[in-house]
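Notes for the one structure printed next.
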Amino acid sequence: MPKTMPSETGVFEPEVTRMRHNYEEFQSLRGEAERCLGAGDLNSAAAYVEAAVTLARKRHCGFYRSEPVEQILIEIARRTLAAKAEAARPMRTKVGRVLHVATVLNEVGGLTRMMRRWIAADEGRHHSLALLRHPGAPPPSVRQAVEARGGSIHVIGATRGGPVEWASALRKLSLDFDLVVLHVSNEDPTPGIAFSDERNRPPVVLVNHADHAYWLGLSVCDLIASSRVSGERLVVERRGIPAQRHAILPIQIDPPMRKHSRAEARQRLGLPADGPLLVSVARGLKYRTMGGVSFADMHVETLLARPDARLLVVGPGEPADWQEAIAATGGRIMGRPETPDPSLAFEAADIYVDSYPFVSITSMLEAGGLGAPCVTLFPYPSDANVMSTDMPGLAPTIGFATSMADYNRILVDWLADPEALRRRGDETAANVKRLHTTPNWLESLEALYARALAIPTVTPLRGKRAPAHEEFCDGYPDILLNRVFGESDSIEAILKRSLRLMSLPERLRVWRRLARTKTFDGPWDAARNLLPEWLPRLASQLRGGG
């Protein structure tokens with residue numbers, strides 16, 4: 001029998017307790033940052049800021065804004081950047097040169113594709129890229145896009161030092177540009193230091209690519225660019241950013257162009273040509289099993305009702321807890337690992353089903369743009385809508401289910417009427433192309449550029465009032481975030497991620513703690529973590545890998 005979803009209406013007190021515990025550990029890391037700041041160990045202070053934000057990203061703490069953490073980075077900037085003389089720069093009146101800034105760029109994932117498409121679509125401007133912590137060479141597609149726009153890739157993090165020195169280098173680089181666009185990791189402290197002093201620098205736009213999570217940068221970004229209304233709501237209501245400092249920039253996808261028919265795509269994927277095919281594509285982590293019900297379990301009811309249908313899921317492979325559902329459907333649930341190019345799967349789909357419980361909006365747009373009708377599951381209250389798929393190009397036609405019963409009913413009903421399914425797919429493709437591809441997407445981009453030039457810059461160094469404490473919330477969406485997105489990393493595992501940013505004395509102190517708690521993965525890992533983070537990147541660049 002198909003499994004049922006666990007109820008989301010039970011008592012959430014354990015989740016609140018969990019968030020409060022996370023908050024206490026966040027405060028302990030924030031306290032370490034303040035200790036190092038007081039001692040003048042600025043790189044270690046920035047490293048602890050990174051660790052604190054990493055904890056809040058992985059283990060939600062009940063808030064979306066931390067003025068004390070932002071203030072630490074502002075104070076580092078006050079001591080290191082504001083005193084340095086810079087030639088006065090006139091106010092920018094047009095955007096001709098754009099500097100994109102990224103922490104790392106992964107081959108798989110929407111953020112890299114978004115940046116590459118932005119650069120490629122904006123033909124009339126110069127675009128360059130600053131990489132802060134990227135190991136090795138950037139993805140070839142990004143390099144090609146930057147070079148086609150006359151730009152260069154600057155590997156900031158391959159120079160000696162830490163966040164303080166990298167912030168100085170990033171700021172110096174940025175002064176030759178008309179606009180800075182941050183595509184950085186939630187916890188990266190470098191931009192918060194680099195752009196705290198508004199004098200001379202260009203306007204700074206932060207891409208709100210992790211709109212469901214806590215991130216740094218509120219105090220130094222002149223404009224926040226979200227891809228959807230639910231992200232905008234959290235920016236205004238929970239992050240405390242005035243609405244005039246927010247803009248909507250829809251996710252852009254490549255103009256959908258079929259290379260293969262559905263039948264040809266199936267053949268290339270090694271799938272049978274007969275029967276309808278449901279497809280889902282996302283990073284494996286987005287298919288977390290919830291309450292004992294896996295993503296495969298969710299589709300057993302539909303597949304039993306339609307013995308000719310199949311489900312292809314690209315990203316998670318076939319986890320152990322999918323095997324019962326695979327067996328129950330006679331092997332008609334097929335999981336495959338992540339791939340940098342999932343286009344064949346999109347082309348093969350008769351219906352695209354969103355990943356769950358973590359939605360994958362870019363994948364849904366790409367499938368919808370090729371004419372696949374889309375279905376998503378959102379069994380939560382409207383206050384948690386940042387966890388839903390609410391893209392403007394999908395809204396008119398999406399199958400938006402609010403329960404598992406509703407989800408399977410939609411799938412069975414749609415499969416029963418192939419002609420209506422085709423019409424829905426055609427309408428979906430038209431809407432996606434109209435709002436999420438060039439040339440229309442460029443209108444949203446030009447509006448963003450205009451807003452960034454017109455809005456007054458933020459002035460964090462001039463702030464006089466004491467930072468307010470974090471506001472803890474035990475409502476939606478907070479009480480769901482650890483269930484859906486949360487990770488269980490210990491505070492020691494989180495410290496290990498930032499250890500190599502610290503000064504040598506602080507690194508040795510924390511290293512001994514991590515050794516006592518057996519946090520390292522063997523002797524080689526322990527030895528590697530004695531080295532500063534910049535050293536392997538510099539060595540890679542000298543070998544020609546960057």
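The values are calculated or read from the model by the stated rules, or taken from the named source; none is laboratory data. Computed from a predicted structure; not experimentally measured. Virtual Cβ from ideal backbone geometry, glycine too; neighbours counted across all protein chains shown. We work out accessible area using only protein heavy atoms, side chains counted, and drop any ligands, DNA or RNA first. Shrake-Rupley method; radii C 1.70, N 1.55, O 1.52, S 1.80 Å.
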Inset, instruction - Order these peptides, 303-314, 494-505, by their mean beta-carbon neighbour count within 10 angstrom, highest first. - result: 494-505, 303-314
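Can you tell me the relative contact order of the stretch 97-254? Whole percent, Cα pairs under 8 Å, sequence separation 6 or more. The partial results should precede the final answer.
Working: 275 pairs, mean separation 33.4, N = 158.
Answer for the stretch 97-254 is 21 percent.
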Legend entry - Pairwise label distance in nanometres, residue 531 with residue 175, each label 7 Å out on the Cα-Cβ vector: 3.3
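Probe of 1.4 angstrom, ligands and nucleic acids ignored: what's the accessible area per residue over the stretch 148-205, in square angstrom?
Here the residues of the stretch 148-205 average 26 Å² of exposed surface.
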Legend entry - Hydrodynamic radius by Kirkwood, which averages 1/r over all alpha carbon pairs of the stretch 97-254, in angstrom: 15.8
Inset, instruction - Using only the alpha-carbon atoms of the stretch 154-245, report the extent along each of the three principal axes, biggest first, to the nearest angstrom. - result: 40, 24, 18
Legend entry - Degrees between helix 418-436 axis and first principal axis of the chain (Cα, 0 to 90, nearest 10): 20
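Among the listed pairs 286/433; 172/518; 94/172; 58/518; 58/94, which are separated by more than 30 Å between their Cα atoms?
Violating the 30 Å Cα-Cα cut-off are 172/518; 58/94.
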Legend entry - In sequence order, calculated HN-Hα J values of the stretch 193-208 (Karplus, 6.51, -1.76, 1.60; Hz; x Gly/Pro): 7, 4, 10, 5, 8, 6, 5, 6, 6, x, x, 10, 10, 9, 7, 7
Inset, instruction - List the extent of the Cα atoms of the chain along each of their three principal axes, largest first, rounded to whole Å. - result: 70, 54, 47
Legend entry - Ordering of 316-323, 42-49, 167-174 by burial proxy (mean other Cβ atoms within 10 Å per residue, highest first): 42-49, 167-174, 316-323
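Using R₀ = 41 Å, calculate the FRET efficiency as 1/(1 + (r/R₀)^6) where r is the Cβ-Cβ separation of residue 472 and residue 94; round to 0.05.
0.40
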Legend entry - Rounded to the nearest 20 debye, dipole of the stretch 418-546 from Cβ charges on Lys, Arg, Asp, Glu: 640
Inset, instruction - Determine the gain in length on full extension of the stretch residue 324-residue 144; use 0.36 nm per residue of separation and subtract their C-alpha separation, reporting nm with one decimal. - result: 60.3 nm
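With Cβ to Cβ distances under 9 Å as the rule, what net charge do the other residues near residue 535 carry (K, R +1; D, E -1)?
Net of charged neighbours comes to +2.
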Inset, instruction - Starting from the Cα of residue 254, step 7 Å along the direction of its Cβ; do the same at residue 538; then give the gap between the two resulting points in nm. - result: 3.8
Inset, instruction - Work out how much length residue 447 to residue 406 would gain on full extension: take 0.36 nm times their residue separation and subtract the Cα-Cα distance, in nm to one decimal. - result: 10.9 nm
Inset, instruction - Starting from the Cα gyration tensor of the stretch 262-436, take the square roots of the eigenvalues, sort them a ≥ b ≥ c, and report rounded, prolate or oblate (rounded when a/c is under 1.5, otherwise prolate if a/b is larger than b/c, else oblate). - result: rounded
Legend entry - Two-decimal log10 I(q)/I(0) for the stretch 383-476, as the Debye equation yields it once each C-alpha is a single scatterer, q = 0.20, 0.24 Å⁻¹: -1.08, -1.21
Legend entry - Packing-based ranking, highest mean first, of 361-367, 155-161, 271-277, 255-261 given that Cβ atoms within 10 Å are counted: 361-367, 155-161, 271-277, 255-261
Inset, instruction - Would you tell me the accessible area of residue 67, worked out with a 1.4 angstrom probe on the heavy atoms of the protein chains, in Å² to the nearest 10? - result: 40
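Working from the pairwise distances between different alpha carbons, so that the mean of 1/r is found and then inverted, what is the stretch 201-293's Kirkwood radius in Å?
17.1
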Legend entry - Length gained when the stretch residue 137-residue 382 is fully extended (0.36 nm per residue, less Cα-Cα span): 84.0 nm
Inset, instruction - Just add up the charged neighbours of residue 65: K/R +1, D/E -1, any other residue whose Cβ is under 10 Å from the Cβ of residue 65. - result: -2
